[in-house]
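Since every read-out is calculated from the coordinates, none of them should be taken as a lab result. From a predicted model like this one, the values you see are computed outputs, not experimental measurements. Because the Cβ atoms are built from the backbone with ideal geometry, glycine has one as well, and the counts that use them run over all protein chains shown.
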Amino acid sequence: MTASPGPAASAAIAKAYGRVVRRRAVLLAVLGLIAICAFMLDLGTGPSNLGWREVLRGLFDAGALNGAQSAILWEVRLPQALLALLVGLALATAGAEMQTILGNPLASPFTLGVSSASSFGAALAIVLGIGIPGVPQNWIVSANAFVFAFIAVIVLQSVVRLRGSGTDILVLCGIALFFTFNALVALTQFLASQQALQQLVFWIMGSLSRASMDKVRLLAVVVVIALPFAQRAAWPMMALRLGEDRARSLGIHVVRLRFMALLRISILTATAMAFVGTIGFVGLAGPHIARLLIGEDHRFFLPASALTGAIIMSLASVASKSIVPGVLIPIGIVTALIGLPVFFSLIFRRQGDA
Amino acid sequence: MAARIRRSLLLALVCVLATLSARAVAQPVTVTDVAGRTVTLAQPAQRILLAEGRQITALALLHPDPVSLLAGWLGDFRRNDSESYALYRARFPAIDAVPVIGVGNDGSFAVEQAIAIKPDVAVLGVSFAPGGRSNDVARQLEAAGIPVVFTDFFVNPFDNTIPSLRLLAQVIGRDAQADAYIAFYRAHMQRISDRLAGVKTRPTILFETHAGVSDCCHAPGAGNIGRFITFAGGDSISAQISKGPTAQLGLEYVLTRDPEVYVGTGGAHLKATGGLVIGPGFDRATILARLAAVVARPGFAELKAVRDKRVHGLFHNIMATPLNLLATEALARWLHPEAMKDVDPDATMAEINARFLAVPMQGIYWIDLK
């Protein structure tokens, strides 16, 4: 081994690196393509006989469908499919960033109590009728869920502020939040009438049937703003992945980086969960699947996580509509069942390689 | 001597007579409850523990002062039907003093407190019966010497309403009142069957329970409330989805089936979350505004029921009481307005108020969105 590689070796390394980058870019494009196909499949699936041909025609020609068909397309299929896609993008990005800033593969908005907090917010509205004053009644459940998810992340952030860089403390604090809010949710369940209990359980299981174009627009705005910022932080995040000291020696303000990432995570998670309920699996598995496919390079890892999340959600949406015709099985249940086999197969393949 | 004998004989006679008359007052009561168990009470119960607080409505059909019968109850009636509770409180202020042995659903039943208040009998819903979710409660109460009877106005109200009402009446010794109401109930149900005899059509209907709050659409399956819909001559679009008590429909399925009639249920319990409010305590304008909002949700404008203005609201909480007869009449009328011309739930309600109910119903329990 020589101390420094010669020019030929450097060129070889650069070439190899170029190959890796190209391969990753191609993988990313493939993921993007799969996401689009999954979205189209989602649009073309439903209990009525509105296939994707009619859907395509209806999308571009307003007169092609009759009243009921057009309502199915514009009020049911399209908002649900778009919401599935956006929720997948948002939760998987949030999960990916969380895993990196905490250096913990088990971290996700679900494991750190953010989703429990949003469930508690929803429970307050559903069971006790407590909402934020001034919020229209149709939005009080969503608004409560958002506010409580945000509160949870603010608590986590103040831990970052107070204790600086200790990720262990952050994780422990997240777990404490998880148990606290779960206990509070259980308390409201204990107080709930049968009707409210049922409504709450359905909310917690997560469902796309509460989709509407208003919600799609709101979440789209959040995703469009947050994702480019996440992408811009890819380099410093990558450095953080190599270790906190290394990142600091490269001149990265780690506390600030964590703070900004947590802010993005909180807004993405809180908005997504406010609209569809708690869908835990995407935030955990999306990033892991992406990492197994594409590696740690955050420039590729982040978009790959987002796209994987979108694919999981779209396919889960297809399954939730197809398993029992006419019934929309709560997507939180299906997501885990759809994602797990993929997740396991990747884990075992990787162990086989090693 | 003879006088003493005469006096003792007289005394003995008085004693025997007193015992006999006391026994006539306190005849043991043996009943068979809806879980098929035979239960014997030493005498008709004067102090009842009511595990489903809303069954106060059934007691109000049988007894002029139903509140006086309560030794304790669960808080469900007060919490989930606050406006009906207000009607009872206006008539019987003592209702506020009835011990509450649980704040909400049957999981909150506080057995120790229930035993401490020493009721003559505990009337429990079938979720407490063997095999039910909370069956330990019944075992513990019986171990403490409190007789337990199971009624059911909730799981299978179509079959069990009449047996449960009769059972309640036997427990409190008011059989005659139950007989009168049951005859009335049967005659009115029979009238619906008679009017339907010549009717060939079965309009499709979406019966959305707790309308406007949960995801579209929560509806009864073929069981439970679904039985009343079928009886009233409707083809419930949710019946095929589930044979059980409830079904969760997707909006696309609803749009595809395109029901001819829409009925949403609601009440004060949906006030906070923006759902349909109806029943005592709400004026016509408020109810209509909420009902209009329910069918203004995305996609609903396309439904035939909405376009044809066959949209109706129904007070949810009467389904799980012996007053479900009124809901059945309203349903039948909405489904078959021609055949049911002489079926008038408002008139039936007026008669029930006048003849049976200790606390009359007040307000709008069913409504049409014109």
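Enter the mean number of other protein chain beta carbons within 10 Å of the beta carbon of each residue in A:133-146, as an integer.
Numbers: counts 0, 0, 0, 1, 10, 7, 1, 3, 4, 0, 0, 0, 0, 0.
Per-residue shielding by partner chains comes out at 2.
Where does each of A:50-58, A:190-198 land if you order them by average Cβ count within 10 Å, highest first?
Values: A:50-58: 16.4, A:190-198: 20.3.
Result, highest mean Cβ count within 10 Å first: A:190-198, A:50-58.
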On a 0 to 90° scale, report how tilted helix B:284-294 is relative to the longest principal axis of chain B, with both axes built from alpha carbons and the result rounded to the nearest 10. 60 degrees
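Tally Lys/Arg at +1 and Asp/Glu at -1 over every other residue whose Cβ is under 14 Å from the Cβ of B:T230; what's the total? Could the numbers behind the result be given before it?
Details: positive: B:R202, B:R227, B:K243; negative: B:D159, B:D235.
Within the 14 Å Cβ shell, the charges total +1.
Which whole number gives the average count of other chain Cβ atoms within 10 Å of the Cβ atoms across peptide A:187-200?
Values: counts 0, 1, 3, 6, 7, 7, 9, 9, 13, 11, 3, 6, 8, 1.
Counting Cβ atoms of other protein chains within 10 Å of each residue's Cβ and averaging gives 6.
Using per-residue counts of other Cβ atoms within 10 Å, averaged over each peptide, order B:225-237, B:192-204 from highest down.
Details: B:225-237: 22.8, B:192-204: 13.5.
Final packing ranking: B:225-237, B:192-204.
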Simple spin-label estimate for A:L242 and A:V26 in nanometres, 7 Å along Cα-Cβ: 2.7 nm
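Give me the extension gain from B:A292 to B:E142: residue separation times 0.36 nm, minus the current Cα-Cα distance, reported in nm with one decimal.
Working: separation 150, 0.36 × 150 = 54.00 nm, distance 4.96 nm.
Between B:A292 and B:E142, full extension yields an extra 49.0 nm.
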Report, in degrees rounded to the nearest 10, the 0 to 90 angle that the Cα long axis of helix A:331-353 makes with the longest principal axis of chain A. 20 degrees
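Multiply the residue gap between B:Q27 and B:D65 by 0.36 nm, knock off their C-alpha separation, and tell me the result in nm, one decimal place. Please report the intermediate quantities before stating the final value.
On the way: separation 38, 0.36 × 38 = 13.68 nm, distance 2.19 nm.
Working it through step by step, the gained length comes to 11.5 nm.
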Calculate one ³J(HN,Hα) per residue across region A:86-101 by plugging θ = phi - 60° into the Karplus curve 6.51 cos²θ - 1.76 cosθ + 1.60, and present them in order as whole Hz with x for glycine and proline. 5, 5, x, 4, 5, 5, 5, 4, 4, x, 4, 5, 5, 4, 6, 5
Would you mind computing, in nm to one decimal, how far apart the modelled labels at B:R307 and B:Q113 are, each placed 7 Å from Cα along Cα→Cβ? 5.4 nm
Max mean-square fluctuation residue, GNM over chain A, Cα-Cα springs under 10 Å, options A:F178, A:F150, A:F202: A:F202
Could you work out the mean projected area of the convex hull around the alpha carbons of the protein assembly as shown, in square nanometres to one decimal? 43.5 nm²
Amide H proximity to B:V148 below 5 Å, modelled H, separation 5+ or other chain, gives B:A122
Here the gain from full extension of B:D159 to B:A197, 0.36 nm per residue of separation minus their alpha-carbon distance, amounts to 11.6 nm
Return the calculated 222 nm mean residue ellipticity for chain B, to the nearest 500 deg cm²/dmol, obtained by summing -39500 (n - 2.57) across DSSP H runs with n ≥ 4 and dividing by the residue count. -12500 deg cm²/dmol
Compute the convex hull volume of the Cα atoms of chain A, divide it by the residue count, and report the result per residue in Å³ as a whole number. 165 Å³
Give me a single rounded figure for B:201-213: the average over its residues of other chain Cβ atoms within 10 Å of their Cβ. 1
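Would you mind getting me the FRET efficiency between A:D61 and A:A220? Use the beta-carbon distance for r and R0 = 30 Å, nearest 0.05. Intermediate results must be reported in sequence, preceding the final value.
Details: r = 24 Å, r/R0 = 0.80.
About 0.80, to the nearest 0.05.
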Tell me the label-point distance for the pair A:F179, B:K341, using the 7 Å Cα-to-Cβ offset, in nm and rounded to one decimal. 7.1 nm
So the number of lysine pairs in the protein assembly as shown with alpha-carbon atoms under 25 angstrom apart, 8 or more residues apart or on different chains, is 15
For helix A:213-232, what angle does its Cα long axis make with the longest principal axis of chain A, in degrees from 0 to 90 and rounded to 10? 10 degrees
